[in-house]
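Colleague: Structure provided below as structure tokens; questions to follow.
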Amino acid sequence: MLAIAALAVTGWAQQAAATEYPLPPADSRLIGENVTTVVPDNKRPLEDIAARYKVGLLGMLEANPGTDPWLPKAGSELTIPQQMLLPDTKREGIVVNIAELRLYYYPKGEDKVIVYPIGIGQQGAITPSTVTSISQKIPNPTWTPTPNIRKRYAEKGIKLPGVIPAGPDNPMGLYAMRLAYGKGHYLIHGTNADFGIGMRVSSGCIRLRPDDIQTLFNNVPEGTRVQVINQPVKYAVEPDGKRYIEVHQPLSRYEGEDPQTKAIPLTVALKRFMNSKESDKAVIKEALSRRSGMPVLANAGTPAPQVMPPQQVNNAADTAPQS
């Protein structure tokens, strides 16, 4: 995955901001609509399309299995996973679901939710589940690698300095927000590399694209509640009776563990949802196996909805010079 992320940066011409959605009623959790797009003949990687549509790279690969992340086939049709279920948690402050590599921000007093794709901790450095808050906002941060981080890098033959100063070479980017968790080693921050969003590439911190962290930094006050969860399966019964299940690949914990086949623990509540006479058990079983990262309609005897028709990626962006 690190290799995919590193190669995906080639030719990334443009960054994108997060996506805003109207906040649904308290008894509803479904937001957004999936769309499809046609891959332009511009010899650019999948990350280029993911960034323009404001989604993460692994989310694109979940929705479009078998797609070449380095050079998706020109003229092929891709699903853009812009529909999702809100996490079944308190709608306050920031909610991070590391399993789906998304950050949800609920601005206080506003009837909307803003969704950001994120990068998270790699194997051996999983971002911990917790309820905490923003303890400090740091413009132009320096980076002080922890002993564990220096050890991991040393095992790869890389010797890190004690402190990396603020500036363009700092892997934390230009903005950071420290979490009031543990010794304060976990942060929500930017990056100096135009890859890794929607990937497991950090040392446990939550990483955003530069434009996204700048916007979040400027709008989130210190003291804001932050909840980090790890829920690969979300499900909901909407007010109109429609039942949805959204399944993401669970986070692998060691090298060689396949997240596409790794067992997903089933909670008592999820089993109740699955075994309801209103649920199509075959559809749910297929969703748990397919792990598309998109909501699937799971009412008994009801056909699944179709995504919106194809659209071409923005032509102006397609003709921008490659970096």
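The values are calculated or read from the model by the stated rules, or taken from the named source; none is laboratory data. Note that the coordinates shown come from a computational prediction; the quantities given were computed from them, not determined experimentally. Backbone-built Cβ (ideal geometry, glycine too); neighbour counts: all protein chains shown. Side chains included, ligands, DNA and RNA excluded: accessible areas come from the protein's heavy atoms. Shrake-Rupley method; radii C 1.70, N 1.55, O 1.52, S 1.80 Å.
Colleague: Ordering 48, 27 by how much accessible area each has at a 1.4 Å probe, largest first, what is the list?
Modeller: My answer, sorted largest first, is 27, 48.
Colleague: A further question on this structure: Label points 7 Å out from Cα along the Cβ direction at residue 26 and residue 242: separation in nm?
Modeller: Placing both labels 7 Å beyond Cα along the Cβ direction yields 2.3 nm.
Colleague: Here is a further query. If you take the square roots of the eigenvalues of the alpha-carbon gyration tensor of region 56-147 and sort them as a ≥ b ≥ c, do you get rounded (a/c under 1.5), prolate (a/b over b/c) or oblate?
Modeller: Note, shape of region 56-147 comes out oblate.
Colleague: How much length would be gained if the chain were fully extended between residue 272 and residue 151, taking 0.36 nm per residue of separation minus their Cα-Cα distance, in nm to one decimal?
Modeller: Result: 39.1 nm gained on full extension.
Colleague: Let me ask something else about it. In region 226-244, whose amide N lies under 16 Å from the spot 7 Å out along Cα-to-Cβ of residue 180? List them in ranges.
Modeller: Backbone N within reach: 226-228.
Colleague: Sticking with this one: When all protein chains stay in place, what accessible area (Å², nearest 10, 1.4 Å probe) is found for residue 207?
Modeller: 30 Å²
Colleague: To continue, here is another question. What is the distance in Å between the Cα centres of region 13-89 and region 219-243?
Modeller: Each part's Cα centre sits 19 Å from the other's.
Colleague: Computed FRET efficiency, Cβ-Cβ of residue 281 and residue 160, R0 35 Å: what is it to the nearest 0.05?
Modeller: Calculated transfer efficiency: 0.10.
Colleague: Which of the lysines could a cross-linker span from residue 183 if the Cα-Cα distance has to be under 18 Å and same-chain partners fewer than 8 positions apart are dropped?
Modeller: Within the straight-line cut-off, residue 183 pairs with 137.
Colleague: Report the extension gain between residue 258 and residue 73 in nm, rounded to one decimal, defined as 0.36 nm multiplied by the number of residues separating them, less their alpha carbon distance.
Modeller: Answer, rounded to one decimal: 64.1 nm.
Colleague: Just for the Cα atoms in region 243-288, what are the lengths along the principal axes, largest first, rounded to whole Å?
Modeller: 40, 19, 13
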